[in-house]
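Here's the structure we're looking at; comments come further down.
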Amino acid sequence: MSDTGAPVTILLQQWRNGDKAALDALTPIVYDELRRLARRSLSYERAGHTLQPTALLHEAFAKLVQQHGQDFQSRSHFFGVAAHLMRLILVDHARSKNRARRGAGAVHLEINDQLDATQDRPEILVQLDDALNELATFDERKSRIIEMRYFAGMSIEECAEALGVGVATIGREQRLAQAWLGRYLAPST
């Protein structure tokens, strides 16, 4: 995510305050970055996935617009929320695909595999979502860090800005979250 984001932050604040023209001005500025996020999110999916980046982007943007009362504190915060919405859309899509395959054996994923396995097996994305939701029940920030880093491709610095913590904290909590997810997703022995 390039540039400082000051124009985006100002437009987000104006939009939050009811300025509909701010949304019109914001859309072309964030569109390419949202498309990049959508492409990145879908890059972990199987070939021939029925959702295309533009469709994922539009569905996520529609949900973002519906949250017009949301207090987006910065550009990074906005894109973090967008990444979360894209994750939810992909997980919902994967869950609907898996309904036909109920009863299949459990599939496990190491977070360090960077989601490569989700290309051919959407049930892994569902398991990862379940794991992130479980992690969020007792440590929401660690869950958000994994979501921003892996789903949105945000840098450590961007995550730190979005969450209002230091870069060292993000690095440390990411390592802890990866370790926890690795244990959560590890095959039972």
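Once phi is turned into ³J(HN,Hα) by the Karplus curve 6.51 cos²θ - 1.76 cosθ + 1.60 with θ = phi - 60°, what whole-Hz value does each residue of region 148-156 show in order, with x for glycine and proline?
With the stated coefficients, region 148-156 comes to 5, 6, 8, 8, 9, x, 6, 6, 4 Hz.
By count of other Cβ within 10 Å, fewest leading, how are 54, 169 ordered?
54, 169
Mind checking the full-extension length gain between residue 88 and residue 134? Use 0.36 nm per residue of separation minus the Cα-Cα distance, one decimal, nm.
15.1 nm
Loop-only trypsin sites (Lys or Arg not before Pro) in region 122-189, please: DSSP not H, G, I, E or B, and at most 13 other Cβ atoms within 10 Å.
Answer by residue number: there is no such site.
Where a number appears in this text, it was derived from the coordinates with a stated rule and is not lab data. Since the structure is predicted, the reported quantities are computational estimates derived from the model, not experimental observations. Cβ coordinates were reconstructed from backbone atoms using ideal geometry, including for glycine residues, and neighbour counts include every protein chain displayed.
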